[in-house]
Amino acid sequence: MCKVCGVRDAEAAITAAMEGADFIGLIFAPSKRQVSVDEATKIVRAVREAKPRLTDWSLPRFPQRTAPTEAKDEARETRLWLEGWSALLRRASAQGGPLIVGVFVDASIEEMNATAEAVGLDLIQLHGQSEGWEVASKLVRPAVRVVHMDSQLNADEVCAEMRGGPPVAILLDSKGGGTGKTFDWAIGAEVQQRTPFILAGGLTPDNVAAAVQQVRPWCVDVSSGVETDGQKDHAKIRAYIRNAKAA
């Protein structure tokens, strides 16, 4: 599965949707790729007009996750939880894709919920450093939580970061995000053997196939890797999605 993030205009979003992107990311945090609520609403409307959803559906509001009875069960419970949601999101994308993901950095719960309702987001991505796991249970949409990959983190530490919370998907990204830098895929491959995740960080049309083959994530995420001179490049978007799905 593929996610194209940092989309700022309807044309790029439609290109991604028609090429088969499963997720489109809209950034609401201050950045060069930030969109306003009005801009995001127009993008979502254009995507739905270009590629209508096949069925009248909606993702479920986040259900409370049952706490494991013993500490040793936590890793297993996390894996089963994320595996179940990755399968659900795959089905949801097939029926009503692409799913629209709103990206926030240390925003208030009220702001994220209001934006999700106004724009018609399907998922909320928590990309900040201060958002505790408990935030996800208070959102009106299922949450994707980002783990920022530090060069000193090993697979055990990454897996520990992924446990104990309610987000329905985990995204591993290079520290900072949107920088065009990769992290050690060998660590990603080791993590994937234990827990499913979305891979981001420095992916491009040229390296995404190798990333998929080495790491085997259930989804790959791109932003700067499909840009030319700071703008989304439609040819790169198409090539990225094709190469990722063919890998």
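Nothing in this text is a laboratory measurement; each read-out follows from the coordinates by a stated rule. Fair warning: this is a prediction, and the values are worked out from it, not measured in the lab.
A few points about this structure:
- The H on the amide N of Gly25, modeled in the peptide plane, is under 5 Å from the matching H of Val4, Cys5, Gly6, Val7, Val101, each at least 5 residues off or on a different chain.
- By the rule of a C-alpha distance below 18 Å, with chain neighbours fewer than 8 residues away ignored, the lysines paired with Lys232 are Lys3, Lys32, Lys42, Lys181.
- Stretching the chain fully between Asp206 and Glu111 yields a gain of 30.5 nm (0.36 nm per residue, less the alpha carbon separation).
- Taking amide H atoms as placed 1.01 Å from N in the peptide plane, the amide H of Ile198 lies under 5 Å from those of Ile170, Leu171, Leu172, each 5 or more residues away in sequence or on another chain.
- Note on the chain: helix-only mean residue ellipticity at 222 nm, from DSSP H runs of 4+ residues weighted -39500 (n - 2.57) and normalised by residue number, equals -11500 deg cm²/dmol.
- Of (1) 34; (2) 26; (3) 19, the label for percent of Cα pairs over 30 Å apart derived from the coordinates: (3)
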